[in-house]
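Here's the structure, in structure tokens; my notes come after.
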Amino acid sequence: MRHSPHGRLSAARRPTTVALALTLVLIASALTPTTASAAGGPAGDVFAQTNAQRYQAGLPALVSDPALDAAAAEWARHLASSCTFAHSSSTWRSARVAASGWIATGENIAAGQANATEVMTSWMNSPGHKANILDKRYTGLGVGYATGTCYRTYWVQIFGIGTPRKSFPAGAGDLTSDRFADVLARSSTGDLMVYPGTGVGSFRAPGVALSGWGDRPFTTLGDFTGDGIPDIARTEADGRLMLYAGNGSGGFRAPTQIGKGWGGFTQLIGGIDFNGDRSTDIIARRPNGELALYRGNGRGGFIAGNTTIGRGWQSMTAVFYAGDFNGDARGDIVARKADGTLWLYPTTGKGTWGKAIRIGTGWRSMTALFGAGDLDGNGTQDIVARGADGTLYLYGGNGRGGFLAKRTIGGGWNIMRQIG
């Protein structure tokens, strides 16, 4: 049964799929996008099976991109919540992915299939959908999956032409090389623990990343060394800044010194590309509230000198890097003021700040706040908070500077001295 893509659905109808042709014809043979990890869960399964079909057809694999994943996930949630079945417009998609380097898009949607294999079978048996999946002009793919009351399951593929810009996710990143964001925690016994993420907002059994870490705070750095693996740092009591490069297996290599005289800072914030040179930087907060930018060189060190990029930050009770939280393809800082309000400080990608925006109230009671990367696997950057009773909450980002519904993702975390 085939339906108009604009009608309201009822639960009694059979699953339906429709296809949308490429909205803009462009030559993509010269584009060579870099690899990236796909969204997790059912969406990740669709991504893998799509590339399997392309492999069988002798076509290059599509790369995944957070902006494409976020747009596909957003449209899938819209279909599920509105009980409608319709394509997004090219204008809507462009507004969400153009800043990330995608210059043209196309889309497949489906509803009612129980799993990734069923939806892929449905699409490959439909000429329009199959043509999108096997179109050699496409270079990227985002996949969205949501559940609702009418068709139960909703699937969205958004294909892209272009070269994705390098992303700088927040948090500890994928320390275990399984494509999912992980969380680090400093335990009461002084060990550094890694909690491997599942890609759906939960964790596998934790492991010890480094034993005997002690009481020194860690700072997540993103890929500071340029090898594709997330790194961390710590400041020693004598002011030495030590780099712990990730080994890709949930642990870290032997530390190396990358600086001295860092003992006077009250906080270090890593992982952000503040000046737009495609290398991660470190922002250091001084006791007087000044923020100093130390520019990374992309090889585990710094470009000489530092720059003051802000003042008055001593009143903030929490400051952290949140990744691209507002969907403009640039990193953002989130800060909590003493009154419990949460503020987004976007960057311009040119070494300056955009306009600060209040994004929440009532956050005073949280004993820990940090940017967690894409913990729920939907392509957007998330924030995690710990309540006073040790409950861990996931505040999934909506990709536009706001939040999805809060979720409880753990308990007993009040024994951890630091989470990030």
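The values are calculated or read from the model by the stated rules, or taken from the named source; none is laboratory data. Nothing here was measured: the structure is a model prediction, and the numbers come from that model. No Cβ is skipped: glycine too gets one built from the backbone with ideal geometry, and neighbour counts run over all protein chains shown. The protein model used for the area step is the full one, side chains on, heavy atoms only, and it has no ligands, DNA or RNA in it. Shrake-Rupley method; radii C 1.70, N 1.55, O 1.52, S 1.80 Å.
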Only one of Ala86, Ala146, Ala67 that is within 25 Å of Arg165 (Cβ to Cβ), open to solvent by less than 30 Å² (accessible area, probe 1.4 Å) and either in contact with a Ser or Thr (Cβ under 9 Å, 6 or more places away or on another chain) or not β-branched (Val, Ile, Thr) (or both)
Ala67
Residues that are in contact with a helix residue (DSSP H, G or I) (Cβ under 6 Å, 6 or more places away or on another chain), among the β-branched types (Val, Ile, Thr) and assigned to a helix (DSSP H, G or I), drawn from the stretch 77-106:
Val97
Would you pick out the residues in the stretch 230-278 that are within 18 Å of Leu210 (Cβ to Cβ), open to solvent by 40 Å² or more (accessible area, probe 1.4 Å), touching a residue at least 24 places away in the same chain (Cβ under 8 Å) and out of contact with any strand residue (DSSP E or B) (no Cβ under 8 Å at 6 or more places or on another chain)?
Ala237, Ser249
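Take Asn414 and decide whether it is part of a loop (DSSP other than H, G, I, E, B), polar (S, T, N, Q) and open to solvent by 10 Å² or more (accessible area, probe 1.4 Å). Give the derivation first.
Details: part of a loop (DSSP other than H, G, I, E, B): no; polar (S, T, N, Q): yes; open to solvent by 10 Å² or more (accessible area, probe 1.4 Å): yes.
So Asn414 does not fit the description; no.
Is it the case that the stretch 201-211 has a residue that's under 28 Å from Gln314 (Cβ atoms), assigned to a strand (DSSP E or B) and of a type in the set (Val, Ile, Thr)? Show your work before the answer.
Step one: of the stretch 201-211, the residues under 28 Å from Gln314 (Cβ atoms) are none.
No: zero hits.
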In the stretch 89-109, anything open to solvent by less than 20 Å² (accessible area, probe 1.4 Å), under 16 Å from Gly379 (Cα atoms) and not polar (S, T, N, Q) is listed as Arg93, Val97, Gly101, Trp102
Name every residue in the stretch 356-374 that is in contact with a strand residue (DSSP E or B) (Cβ under 7 Å, 6 or more places away or on another chain), open to solvent by 70 Å² or more (accessible area, probe 1.4 Å) and either under 24 Å from Arg278 (Cβ atoms) or assigned to a loop (DSSP other than H, G, I, E, B) (or both), in order of residue number.
Thr367
Test: Thr117 is at pLDDT 95 or above and either open to solvent by 30 Å² or more (accessible area, probe 1.4 Å) or touching a helix residue (DSSP H, G or I) at 6+ places or on another chain (Cβ under 6 Å) (or both)
yes
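Being crowded, with 16+ Cβ neighbours inside 10 Å and either under 23 Å from Thr84 (Cβ atoms) or among the small types (Gly, Ala, Ser) (or both) is the filter here; which residues of the stretch 121-140 pass it?
Listed by number, the residues that qualify are Ser122, Trp123, Ser126, His129, Asn132, Gly140.
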Using beta carbons and a limit of 9 Å, which pairs, at least six apart or on different chains, have the first residue in the stretch 114-137 and polar (S, T, N, Q) and the second one open to solvent by 70 Å² or more (accessible area, probe 1.4 Å) and part of a helix (DSSP H, G or I)?
Asn115/Asp45; Thr117/Asp45
Among the residues of the stretch 392-400, is any within 23 Å of Ile283 (Cβ to Cβ) and without any contact (Cβ under 8 Å) to a residue 40 or more places away in the chain?
yes
Can you tell me which residue among Phe203, Phe224 is in contact (Cβ under 8 Å) with a residue 40 or more places away in the chain, among the aromatic types (Phe, Trp, Tyr) and open to solvent by less than 10 Å² (accessible area, probe 1.4 Å)?
Phe224
Members of the stretch 322-345 that are open to solvent by 10 Å² or more (accessible area, probe 1.4 Å), closer than 17 Å to Ile269 by Cβ and in contact with a Lys or Arg (Cβ under 7 Å, 6 or more places away or on another chain)
Asp324, Trp343
Would you please name the residue that is farthest from the chain's Cα centre (by Cα), looking only at residues in the stretch 286-314 that are within 21 Å of Tyr244 (Cα to Cα) and either assigned to a strand (DSSP E or B) or aromatic (Phe, Trp, Tyr) (or both)?
Phe302
Odd one out for Ile282, checked against (1) closer than 30 Å to Ala71 by Cβ; (2) touching a residue at least 40 places away in the same chain (Cβ under 8 Å); (3) buried (at least 19 other Cβ atoms within 10 Å of the Cβ)
(1)
